[in-house]
1. Residue under question is residue 188, and the condition is that it be surrounded by fewer than 24 Cβ atoms within 10 Å (Cβ to Cβ) and either closer than 25 Å to residue 114 by Cβ or under 12 Å from the mean Cα position of the chain (by Cα) (or both); does it hold?
2. Within segment 218-231, how many residues turn out to be under 23 Å from residue 307 (Cβ atoms), part of a loop (DSSP other than H, G, I, E, B) and touching a strand residue (DSSP E or B) at 6+ places or on another chain (Cβ under 7 Å)?
3. Residues 79, 57, 72: which one is in contact with a strand residue (DSSP E or B) (Cβ under 6 Å, 6 or more places away or on another chain) and farther than 30 Å from residue 156 by Cα?
4. Scan segment 191-222 for residues that are surrounded by fewer than 24 Cβ atoms within 10 Å (Cβ to Cβ) and closer than 20 Å to residue 104 by Cα and report the count.
5. Give the number of residues within segment 223-243 that are closer than 14 Å to residue 206 by Cα and crowded, with 20+ Cβ neighbours inside 10 Å.
6. Test residue 243 against the criterion of being part of a strand (DSSP E or B), on the phi < 0 side of the Ramachandran plot and out of contact with any helix residue (DSSP H, G or I) (no Cβ under 6 Å at 6 or more places or on another chain), and give yes or no.
7. Looking at segment 246-286 only, could you name the residues that are within 18 Å of the chain's Cα centre (by Cα), more than 18 Å from residue 347 (Cα to Cα) and surrounded by 20 or more Cβ atoms within 10 Å (Cβ to Cβ)?
8. With (1) at pLDDT 95 or above; (2) surrounded by 15 or more Cβ atoms within 10 Å (Cβ to Cβ) as the list, and residue 52 as the residue in question, which single condition is left unmet?
């Protein structure tokens, strides 16, 4: 993982970004005139620039204008403070950060589950807190940061502290060289319903958070990714939180697969659990599945007890948790039975190809 995937400070309304970059300069130009809203007939690429040098100034306006499948939205460097929803009809949509560095292009907002809706109809809830929601199949994002900068310290009276950076339910969704920033429930890799086994692929990505910050019931493959656990000033002792909280449907033979990645920490040693199973009230038959293989687990992970229960009625030992050839202080087997291991034969089936089936991320026909 490149070293520049380090944390960019996310203070309230102060996401820091860098310069435009050569690619963005070519795409937009310093004094480019504003383009007419909406695509010209036959044109499948739209340019988004908050300074007015593109077709649209907001990501959502570009998504709305990209009617039909197969559009590409090129995002100029900048901070896009907005919520974005990609509907089911926008199949094959691609978002590209123009500079090639995800730190330059940030889509961010600050809703939490407990945030009151403006119309007085209640609070947003976990799913409604998402800065970006992707429902369309065949979605791809490259070199973009998706963030939620809601902070517990600003709202000590809130009980709904989940604050999702992105929720993805579309099948064949790929994220390449992206960042996902938040605290609780950062990356929601999910499906549209219990009968849909949505496949998602994350490569060379950076994800950070503190509680269940990669969660949901999708079939999701993470390769060459970095998961970073944050320190927490609101807690005095361990555990600070959990990296993964899958909620895989019992009928789905494939949950989360983490391969050739690493888990780092900004918290004290052993203050984080690698995972806990999420069996939601909407699916009490869920049997969460997580396989972590060939991955370096840093000292932030509790090697003595790397897994925990979310609810006592659904112990982690009864779920589909397994590891294979992991390294690092957080991967040590210190207590027999505390971290199930795949056999070599089982590991042969725990691969990207096995999980994604007939979909090869990056192919034009995906």
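The values are calculated or read from the model by the stated rules, or taken from the named source; none is laboratory data. Keep in mind it's a predicted model, so treat the numbers as computed, not measured. Cβ coordinates were reconstructed from backbone atoms using ideal geometry, including for glycine residues, and neighbour counts include every protein chain displayed.
1. Values: surrounded by fewer than 24 Cβ atoms within 10 Å (Cβ to Cβ): no; either closer than 25 Å to residue 114 by Cβ or under 12 Å from the mean Cα position of the chain (by Cα) (or both): yes.
No; evaluated as a whole, the condition is false for this residue.
2. Here is the first cut: in segment 218-231, the residues under 23 Å from residue 307 (Cβ atoms) are 218-223, 225-231.
With part of a loop (DSSP other than H, G, I, E, B) added as a condition, the list becomes 218, 225, 230-231.
Retained after the next criterion (residues that are touching a strand residue (DSSP E or B) at 6+ places or on another chain (Cβ under 7 Å)): 218, 225, 230.
So the count comes out to 3.
3. Working: 79 fails: farther than 30 Å from residue 156 by Cα; 57 fails: in contact with a strand residue (DSSP E or B) (Cβ under 6 Å, 6 or more places away or on another chain).
72 is the lone residue from the list that is in contact with a strand residue (DSSP E or B) (Cβ under 6 Å, 6 or more places away or on another chain) and farther than 30 Å from residue 156 by Cα.
4. Selection size over segment 191-222: 2.
5. Initially, segment 223-243 is screened for residues closer than 14 Å to residue 206 by Cα, giving 223-230, 243.
Imposing the further condition that a residue be crowded, with 20+ Cβ neighbours inside 10 Å reduces the set to 225-230, 243.
Number satisfying all stated conditions: 7.
6. Working: part of a strand (DSSP E or B): yes; on the phi < 0 side of the Ramachandran plot: yes; out of contact with any helix residue (DSSP H, G or I) (no Cβ under 6 Å at 6 or more places or on another chain): yes.
Yes; evaluated as a whole, the condition is true for this residue.
7. The answer is 246, 247, 248, 263, 264, 265, 274, 275, 276, 277, 278.
8. It is condition (2) that residue 52 fails.
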